[in-house]
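Read the structure below first, then the notes.
The values are calculated or read from the model by the stated rules, or taken from the named source; none is laboratory data. Everything numeric in this text was worked out from a predicted model, so none of it was measured. Cβ: placed from backbone, ideal geometry, glycine included. Neighbour counts: every protein chain shown. With ligands, DNA and RNA removed, areas are computed over all heavy atoms of the protein, side chains included. Shrake-Rupley method; radii C 1.70, N 1.55, O 1.52, S 1.80 Å.
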Amino acid sequence: MAQHTPMIQQYLGIKAQYKDAFLFFRLGDFYELFFEDAKLAAKELEITLTGRGSDKDRIPMCGVPYHSVEQYITQLIEKGYKIAICEQVEDPREAKGVVKREVVKLITPGTVMDGKTIADKENNYITSVTDFKEDQFGFVRTDLTTGESAVTVITGGIDEVIFELVSSGAKEVIVSPEFDSAFLEMFKQRLAITISFETNEVMPEYFHPLCDGLQQERLISTVARLYNYLVRTQRRSLDHLQKVQYYTASQYMKVDYYSKRNLELIETIREKKKKGSLLWIVDATVTAMGARLLKKWLERPLIDQSEIEERLTVVETFIDQFFSREELREALTEVYDLERLAGKVAYGNVNARELVQLRRSLQQVPKIVQIVKELQVPLVDRLIHSIDHCEELLDLLETSIVDDPPLSVKDGGMIKAGFSSDLDHYRDASLNGKTWIASLEQKERQETGIKSLKIGYNKVFGYYIEVTKANIANLPEGRYERKQTLANAERYITPELKEKETLILEAEEKIEQLEYDLFQTIREQVKSYIRQLQQLAKTISTLDVLQSFATISNEQHFVRPHFTSDREIHIENGRHPVVEKMIDRGQYVSNDVVMNREREILLITGPNMAGKSTYMRQLALTSIMAQVGCFVPATSASLPLFDQIFTRIGAADDLASGQSTFMVEMLETKHALTNATENSLILLDEIGRGTSTYDGMALAQAIVEYIHENIGAKTLFSTHYHELTALEQQLERLKNVHVSAIEEDGKVVFLHKVVDGQADRSYGIYVAQLAELPEHVIVRADEILHQLEGDQKEEGTVENTKNVEPEEQPIQLSLFGEEEKQPKKVHVSPVENVIIKDLKKLDILNITPLEALQMLNEIQLKLRK
Ligand code: ADP
Ligand code: MG
């Protein structure tokens, strides 16, 4: 192999230290990539791959211009890559040999601070996991933009770790190089996450105060691994890191990843959109930090009753005090993202505009405090008691920064008059000079009589006097010194003009420098308020979420939930908050839920599309809303405090996720069965669908029995296996309920009303008919059904003969088009239905008696089949 040039050798030396990142190597106005990096980057960024060196030893290369590097970084970060930015760290003109270069920062998906990748309303988490062995793991997550960190011990194995990583939306996970490679393989397969390594797990001295509350050494090491990674890669101030919060799983209602997804708490399953999720329903937050906190609350409902009641009391008060709430919302519109502003202050990259945002936010504080103080509720009192109004900071910002400063901090124009006497002095000098020049123009026009004489400025010649060619004759000889000749004008200067010019330019240079220095000092001063600002951010975002709950509860007619200690559920006229909002107003059919000692398990039957899944989710969502401290969609609601919620959906219902294997369904069910307690809520929606009928039914029955005998959790179990309704006789605490439907003239009408007892049939074929399957199929299916039912009677088997349902079709049935008519319970078979249709269509006046006779014959044959 040929010897590489010194520069390429330098490149290879640096690249060896950043093997898992793209090395952006600065060469003049470009960042260049070489070798494998170049090939991959060219593909990912769709840029041209070129080469360097002679044909034989050509090195693959590609590059991006430094001024548009942001967009390329964003693209790569979004794909989960890391980027090491390598700059020239000495002036090329002074360099002997190859210019010295160093990596100045490592940008990773978990550490990006700004740009398009960071959504205002979402946290950007970087995490670290330590294997404590025996299925226990240390887990910490930090949002570098806001500085918050939370740490916990996860018990229950790697699956739980994966749940946690997914549900926090972590972008990057830091582990020890010794971390089990089988686990890493699982991360890679099941998560879209960047994996990074860090060996150092000793907490640096200066971070000790942040770990005050942590008792366990092993948790401190877990946090240390993450912080050391940040120190090593970020190379900038981490002053805004906040005290690490320790939390235990038992502080919160546990809603695992599958359930969060199934219940569509944060986004919908299929489209991954906020619209259609619970978050969408309850979000009336005004600030971005409020929106982020709301999301966190929804992901971690509380289980401590007094904490929940405290929130509910604030919500109730906000509902009663409409005007205070409106005033608060109004004030909040002026509050910017204090958390992220504090982060930027720490990083030292806050600009003057952002300091104005900070100022405007702080100006709202006294108003906000005044409004909420009058509510006189304990939680709010505590919140406002713990904040510092940062009056001196506000004073500093009000006296120092102009109202509409430029984006750049280098060009001056940021600092207010009166803030610095030196600055004012230079500004005066500059202004005086300019006024003198303006008056000079007047004076010279008068004295020379040349009206078009003017004074101009350009970067090369400075100030000059310009006289058009036509007027030169009128100019007294030797009055000015000639400087430049243009096509139709001459430009002149005078010694006096140059003297003033020097004064002005000097002053302006001084102004820019001084402004920048002053701005730096102000930035440093703001830095000492980071903690107070973070505290303020917490208080304001909490108030924002609580007012949001009140606003929504008021609009949607939600009621305050009550908690029972005897594990009874009594919900009157409960609604599904999302479905209710999606369908036309007033069309939603509300339903009661009654569960108690005799009704621990409700077995729900009813036709496809009747509303079984909706009914089940309605209860789960109501519980979650109650436990985050929001009012709930019902006319009254008493509920226990659930410790966990499990939602499992039969595989057939979950095709879209691409994971619709029976195995996943069973894994999820296992997870529920092994973790649920008698204080949990389990929703099993058509479990067993993903396999053959016998299999599925046997499993479903065994699962229900197991829950009944061994867990005792409140359980809603929907099934299309009608045979299971017989369990009511066998299991004392199981009750049958069904979603009612009526048949009318051979059509099924769903009432969406859940009532006690079992459904009398599946109506699968009717649904198929509604979906307008070819008549042949319908008639044939009915035939087979009759045959099977006949067989069953003969053989006495328990085969589910009615399981001839089609896959769910997006049919929506209008219940209200039919409401005038009295429901009659006449069973009309599909064959009869076809005949009725034919008869209705018949044009009597246009058939012969013979044809009529033939038809009668056909009808009779069909009916006799
Ligand atoms: P199932 O699980 O029984 O097949 P779903 O719960 O999926 O049925 O409900 C099907 C559709 O019926 C829903 O998308 C919704 O539009 C409508 N629906 C369900 N419950 C109600 C209700 N209580 N009131 C009004 N419409 C409802
Ligand atoms: Mg369903």
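When you work out D = kT/(6 pi eta Rh) for the range 476-516 at 4 °C and 1.567 mPa s, using the Kirkwood radius from C-alpha pairs as Rh and the Stokes-Einstein form, the result is 105 µm²/s. Around the amide H of V559, modelled in the peptide plane, lie the amide H atoms of V632, A634, all under 5 Å away and 5 or more residues distant in sequence or on another chain. For the range 411-472, the fraction of alpha-carbon pairs lying more than 15 Å apart is 63 percent, rounded to a whole number. Close amide H partners of G51, meaning residues 5 or more places away or on another chain with modelled amide H under 5 Å apart, are M61. Amide H contacts under 5 Å for I387: none, restricted to partners 5 or more places along the chain or on a different chain, H placed in the peptide plane at 1.01 Å from N. What the Cβ-Cβ distance of F322 and E134 gives, at R0 = 35 Å and to the nearest 0.05, is a FRET efficiency of 0.05. Residues of the range 341-366 with an amide N closer than 13 Å to a point placed 7 Å from the Cα of L407 along the Cα-to-Cβ direction: 351-354.
Here the simple spin-label model places points 7 Å from the Cα toward Cβ, and for E94 and E705 these points are separated by 8.5 nm. If R0 is taken as 56 Å, the Cβ-Cβ distance between A16 and V594 corresponds to a FRET efficiency of 0.25.
Of K19/K273; K15/K133; K43/K295; K82/K344, which ones are farther than 32 Å apart at the Cα? Distance filter (> 32 Å) returns K19/K273; K15/K133; K43/K295.
Once the Cα atoms are used to define both axes, helix 338-347 deviates from the longest principal axis of the chain by about 50 degrees. Size descriptors for the range 308-446: radius of gyration and Dmax over Cα atoms are 22.5, 83 Å.
Each peptide in 167-179, 622-634 receives the mean, over its residues, of other Cβ atoms within 10 Å, and ordering these scores from highest gives 622-634, 167-179. Placing unit charges on the Cβ atoms of the charged side chains and taking the dipole of the chain about its Cα centre, the candidate lying farthest along the positive direction among T287, H389, P476 is P476. Couplings for the range 281-298, taken from phi via the Karplus curve 6.51 cos²θ - 1.76 cosθ + 1.60 with θ = phi - 60°, read 5, 9, 8, 10, 6, 9, 9, 5, 6, x, 4, 5, 5, 4, 4, 5, 4, 5 Hz in order; Gly and Pro are left as x. The distance between label points at E572 and N488 comes to 9.1 nm (points 7 Å beyond Cα on the Cα→Cβ vector).
Rounded to the nearest 500, what is the 222 nm mean residue ellipticity of the chain from helices alone, with -39500 (n - 2.57) per DSSP H run of 4+ residues and division by all residues? Estimated from H runs of four or more residues: -13500 deg cm²/dmol. Shape class for the range 454-498: oblate, because the ratio a/c of the largest to smallest gyration tensor axis (alpha-carbon atoms, square roots of eigenvalues) is 1.5 or more and b/c is at least a/b.
Using a basic spin-label model with each label point 7 Å from the Cα along Cα→Cβ, how many nm lie between L431 and L191? Here the modelled spin labels are 5.9 nm apart.
Packing order of peptides 130-138, 42-50, highest average first: 130-138, 42-50 (average count of other Cβ atoms within 10 Å over each peptide's residues).
Converting phi to 3J(HN,Hα) with the Karplus coefficients 6.51, -1.76 and 1.60 and the offset θ = phi - 60°, the range 548-554 yields 4, 4, 5, 4, 5, 4, 5 Hz in sequence order, with x at every glycine or proline. Packing here is the average count of other Cβ atoms within 10 Å per residue, and on that basis the peptides 401-409, 482-490, 845-853, 326-334, highest first, run 326-334, 401-409, 482-490, 845-853. Given their separation in residues at 0.36 nm each and the Cα-Cα distance between them, I269 and D695 gain 150.6 nm when the chain is fully extended. Normalised by 2.2 N^0.38 Å, where N is the number of residues, the alpha-carbon radius of gyration of the chain equals 1.28. Using θ = phi - 60° in the Karplus curve 6.51 cos²θ - 1.76 cosθ + 1.60, the 3J(HN,Hα) couplings for the range 675-689 round to 9, 5, 10, 5, 9, 9, 10, 10, 10, 10, 9, 6, 5, x, 5 Hz; x is entered for Gly and Pro.
Taking a ≥ b ≥ c as the square roots of the eigenvalues of the alpha-carbon gyration tensor, the range 660-738 is classed oblate because a/c is 1.5 or more while a/b is no larger than b/c. Axis of helix 352-373 versus longest Cα principal axis of the chain: the two differ by about 50°, to the nearest ten degrees. Against the chain, whose longest principal axis comes from its Cα atoms, helix 157-167 is set at around 60 degrees.
Paramagnetic label reach from N474 (point 7 Å along Cα→Cβ; backbone nitrogen cut-off under 18 Å): within the range 448-462, residues 448-456.
Put a plus charge on the Cβ of each Lys and Arg, a minus charge on the Cβ of each Asp and Glu, and nothing anywhere else: the dipole of the chain about its Cα centre is then about 2320 debye. For the chain, the solvent-accessible area works out to 48 Å² per residue, with a probe of 1.4 Å and every protein chain left in place. For R225, neighbours were defined as the other residues whose beta-carbon sits under 14 Å from its Cβ, and their charges (Lys and Arg +1, Asp and Glu -1) total -3. If you count Lys pairs in the range 408-454 whose Cα atoms are under 28 Å apart, skipping same-chain pairs closer than 8 places in sequence, the total is 7.
With all protein chains in place and a 1.4 Å probe, the accessible surface of the chain carries 50 percent carbon and sulfur.
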